[in-house]
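The values are calculated or read from the model by the stated rules, or taken from the named source; none is laboratory data. Owing to the predicted nature of the structure, the values given are computational and were not obtained by experimental measurement. Reconstructed Cβ throughout: ideal geometry from the backbone, glycine too, with neighbour counts over all protein chains shown. Note: accessible area is taken over every heavy atom of the protein model, side chains too, but ligands, DNA and RNA are not part of it. Shrake-Rupley method; radii C 1.70, N 1.55, O 1.52, S 1.80 Å.
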Amino acid sequence: MKYVASNMYLMIEGDTALLIDPSRSDEVMTKLKETGIRELIILLTHEHFDHVSGVNWYKNAFDTRVICHRDCAEYIADPSNNVPWTFYALMSPEAQGHEKEAEAFCDALPTDAIEADVVFDDSYDFQWGDHKLHLSSRPGHSAGSMVIEFDDKYLFSGDYLILDLPVLLRLPGGSKKDYKKYTLPYLLSVGEQFEIFPGHGEPYSAQGLKYVDDIFSLR
């Protein structure tokens, strides 16, 4: 999304598309329409504004199914939670020198309730075409955080495993206790076969991941 340094991932096969952590993008919207998408599946790695701000925008244009953790679903169902309070800590380099314009852009975004269609508690598996996806609850950064294993080859890690950045646990819904109990053991066990696609920053290979200390430290 303009001014916000968060990643959105799009995959298209035939007339269906998979969209992870959607933000508003004219380029993505045009691509979906030109491709003739009939069904859009949206996956939310967690409930923070910068990862859910485009959900309703795409839902208004396509037959859409939103899948997320139960805590994420309950949080985004309240429109007062879908405000850009995380934006000011996540300005992209594009916003530097244009802070007032960037704040006005984000403040003008609608803060509607977001409805999830499929929710889960511990894990959820489903088939998308020939691809197998495994979604699993990983609290700590937020109560509704999850990670997505795609074909046992690609890992969409949300706001975990961001290179050069420690795990942020001090935002509302964050829990150091839950992170250490439920999520850190999983992150330390990520296989080297994975390519990691984080919610911020560049994708990278999991090879050598265990030797990168910063992404497992806390703040």
Of the residues in the range 127-138, those that are at negative phi, surrounded by fewer than 16 Cβ atoms within 10 Å (Cβ to Cβ) and either assigned to a loop (DSSP other than H, G, I, E, B) or free of Cβ contacts under 8 Å to residues at least 12 places away in the same chain (or both) number 2
Within the bounds of the range 139-155, is there any residue that is open to solvent by less than 40 Å² (accessible area, probe 1.4 Å) and of a type in the set (Asp, Glu)?
-> yes
With GLY201, GLY173, GLY191 as the choices, which residue is open to solvent by less than 40 Å² (accessible area, probe 1.4 Å) and either at pLDDT below 95 or part of a loop (DSSP other than H, G, I, E, B) (or both)?
-> GLY191
Residue selected from the range 157-170 under the condition under 21 Å from PHE120 (Cα atoms) and open to solvent by less than 10 Å² (accessible area, probe 1.4 Å), by the criterion nearest to the chain's Cα centre (by Cα) | GLY158
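Is it the case, given these coordinates, that ASP178 is over 13 Å from the mean Cα position of the chain (by Cα), of a type in the set (D, E, K, R) and under 20 Å from ASN7 (Cα atoms)? Give the derivation first.
Values: over 13 Å from the mean Cα position of the chain (by Cα): yes; of a type in the set (D, E, K, R): yes; under 20 Å from ASN7 (Cα atoms): no.
No.
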For SER157: the one exception among (1) in a loop (DSSP other than H, G, I, E, B); (2) modelled with pLDDT of 95 or more; (3) among the small types (Gly, Ala, Ser) | (1)
